[in-house]
Amino acid sequence: MEMHNLTRLPEFILLGLSSRPEDQKPLFALFLIMYLVTLMGNLLIILVIRSDSQLQNPMYFFLSILSFADICYATVIVPKMLVNFLSDTKTIFYAECLTQMYFFLVFGNMDSYLLAAMAIDRYVAICNPFHYVTVMNHKRCMLLVVFSIAFSCLHSLLHVLMVNRLTFCASNVIHHFFCDVNPVLKLACSSTSVNEVVAMTEGLASVMAPFACIIISYLRILIAVLNIPSAAGKRKAFSTCSSHLTVVTLFYGSISYVYFQPLSKYTVKDRIATIIYTVLTSMLNPFIYSLRNKDMKRGLLKLISRIKSEMDRLSTTTINKIHGP
């Protein structure tokens, strides 16, 4: 469990959510179910949007990319968790740990910037509806997505390279269920002051920039909605934003609790909060967007009807082949 006088540990040990043997199988079952629901729910969202011509607009385009990012986000973390729940060693190689950290940061930041892009989309739709088609055209939407991906990749690379320059010569036990930045930094025996300064400046700016964009967008939306004379009009405007606001609250609320504090105060409670924005939010997104959205419900019913019709056709064809003409 302990390694001394090494500048580069060959592997780390992920302590996980619990060290008690009797907890491992129940946790495995719980997170396996959550992961499968995440995969199926987000894949279903993507299929519904891609198959329905009436959902081919910027809001649902961003939602489909967000669903894809959520699938990747959960896949970076959960499969390794599941393996460790049933393993006695719970090890992760150094290079594997940095790779997991990199992609975790990539898809986490992508989620953040996509939520900001969706807020901009809602702002234009409500505050400038007559120019919505020209302002939120396909080219601009693609540029927003490309920027989200490019910035996320560069941001993540910076933090991983800075972790890689550290010296690890004490414990190799990570008190977390994956290779997050803060738990890994706590194992370093060289100074992490530069890492902490970068995290509290560049890292804070990269998180707060999309969050500020969301806040400004919704303040403008609120002012516009309050000027709508009819109560029905106000309800309709708010209903188009409710799902997005729910996801933003879950995502940024848990991130703020975990990361906007000194490294020395990072405790076991942060592991629980991390589950909210890594696993739980990714799993709940399809339900939040589909159950509270009439267009998504209609698209889902159309997709189910189309699949059922195709299955009936195949079944009829198979029966005719068996019985002959």
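The values are calculated or read from the model by the stated rules, or taken from the named source; none is laboratory data. Note that the structure is a prediction, hence the values are computed from the model and not measured. Note: ideal-geometry Cβ built from the backbone for every residue, glycine included; neighbour counts use all protein chains shown. When the accessible area is computed, the model is the full protein with side chains, heavy atoms only, and any ligands, DNA or RNA have been set aside. Shrake-Rupley method; radii C 1.70, N 1.55, O 1.52, S 1.80 Å.
For the range 158-180, give me each residue that is open to solvent by 80 Å² or more (accessible area, probe 1.4 Å) and assigned to a helix (DSSP H, G or I). Lay out the reasoning, then the answer.
Here is the first cut: in the range 158-180, the residues open to solvent by 80 Å² or more (accessible area, probe 1.4 Å) are 161, 165, 175.
Selection gives 161 alone.
Looking only at residues in the range 217-239 that are open to solvent by 60 Å² or more (accessible area, probe 1.4 Å) and outside any helix (DSSP H, G or I), which one is farthest from residue 118 (Cα to Cα)?
Among them, the one singled out is 229.
What are the residue pairs meeting all of these: first residue in the range 138-150, first residue within 16 Å of residue 124 (Cα to Cα) and at pLDDT below 95, second residue among the small types (Gly, Ala, Ser) and in a helix (DSSP H, G or I), Cβ atoms under 8 Å, and 6 or more apart or on different chains?
Close Cβ pairs (under 8 Å, with a partner that is among the small types (Gly, Ala, Ser) and in a helix (DSSP H, G or I)) amount to 141/117; 144/117.
Does the range 17-39 contain at least one residue that is part of a loop (DSSP other than H, G, I, E, B), among the small types (Gly, Ala, Ser) and either under 29 Å from residue 182 (Cβ atoms) or at pLDDT below 95 (or both)?
In the first step, residues of the range 17-39 are kept if they are part of a loop (DSSP other than H, G, I, E, B); the result is 17-20.
Next, only the ones that are among the small types (Gly, Ala, Ser) stay: 18-19.
Remaining after also requiring either under 29 Å from residue 182 (Cβ atoms) or at pLDDT below 95 (or both): 18-19.
Among the residues of the range 17-39, at least one is part of a loop (DSSP other than H, G, I, E, B), among the small types (Gly, Ala, Ser) and either under 29 Å from residue 182 (Cβ atoms) or at pLDDT below 95 (or both), which makes the answer yes.
Could you identify the single residue in 38, 91, 75 that is polar (S, T, N, Q) and touching a strand residue (DSSP E or B) at 6+ places or on another chain (Cβ under 9 Å)? Working first, answer last.
Values: 38 fails: touching a strand residue (DSSP E or B) at 6+ places or on another chain (Cβ under 9 Å); 75 fails: touching a strand residue (DSSP E or B) at 6+ places or on another chain (Cβ under 9 Å).
Criteria check complete, one pass: 91.
Consider residue 250 carefully, then state whether it is open to solvent by 40 Å² or more (accessible area, probe 1.4 Å) and either at positive phi or more than 25 Å from the chain's Cα centre (by Cα) (or both). Talk me through it step by step, then tell me what you get.
On the way: open to solvent by 40 Å² or more (accessible area, probe 1.4 Å): yes; either at positive phi or more than 25 Å from the chain's Cα centre (by Cα) (or both): no.
No.
Which residues, counting only those in the range 134-146, are open to solvent by 70 Å² or more (accessible area, probe 1.4 Å) and over 18 Å from residue 72 (Cα atoms)? Talk me through it step by step, then tell me what you get.
So in the range 134-146, the residues open to solvent by 70 Å² or more (accessible area, probe 1.4 Å) come out as 134, 138-140, 142-143, 146.
Correct list: 134, 138, 139, 140, 142, 143.
Suppose we filter the range 40-60 for residues that are charged (D, E, K, R) and either under 18 Å from the mean Cα position of the chain (by Cα) or not in a helix (DSSP H, G or I) (or both); how many remain?
Keep residues of the range 40-60 that are charged (D, E, K, R), which gives 50, 52.
Next cut, either under 18 Å from the mean Cα position of the chain (by Cα) or not in a helix (DSSP H, G or I) (or both) only: 52.
Of the residues in the range 40-60, 1 are charged (D, E, K, R) and either under 18 Å from the mean Cα position of the chain (by Cα) or not in a helix (DSSP H, G or I) (or both).
Quick check, is residue 122 touching a His at 6+ places or on another chain (Cβ under 7 Å) and basic (Lys, Arg)?
On the way: touching a His at 6+ places or on another chain (Cβ under 7 Å): yes; basic (Lys, Arg): yes.
So residue 122 fits the description; yes.
Name the single residue, out of those in the range 85-107 being open to solvent by less than 10 Å² (accessible area, probe 1.4 Å) and in a helix (DSSP H, G or I), that is nearest to residue 181 (Cα to Cα).
Going through the range 85-107, the residues open to solvent by less than 10 Å² (accessible area, probe 1.4 Å) turn out to be 92, 97, 101, 104, 106.
From the residues that got through so far, the ones that are in a helix (DSSP H, G or I) too are 97, 101, 104, 106.
Values: 97: 10, 101: 7, 104: 10, 106: 13 Å.
Out of the qualifying residues, it is 101.
Within the range 253-277, can you find the residues that are under 24 Å from residue 212 (Cβ atoms), at pLDDT 75 or above and surrounded by fewer than 20 Cβ atoms within 10 Å (Cβ to Cβ)?
Correct list: 253, 276.
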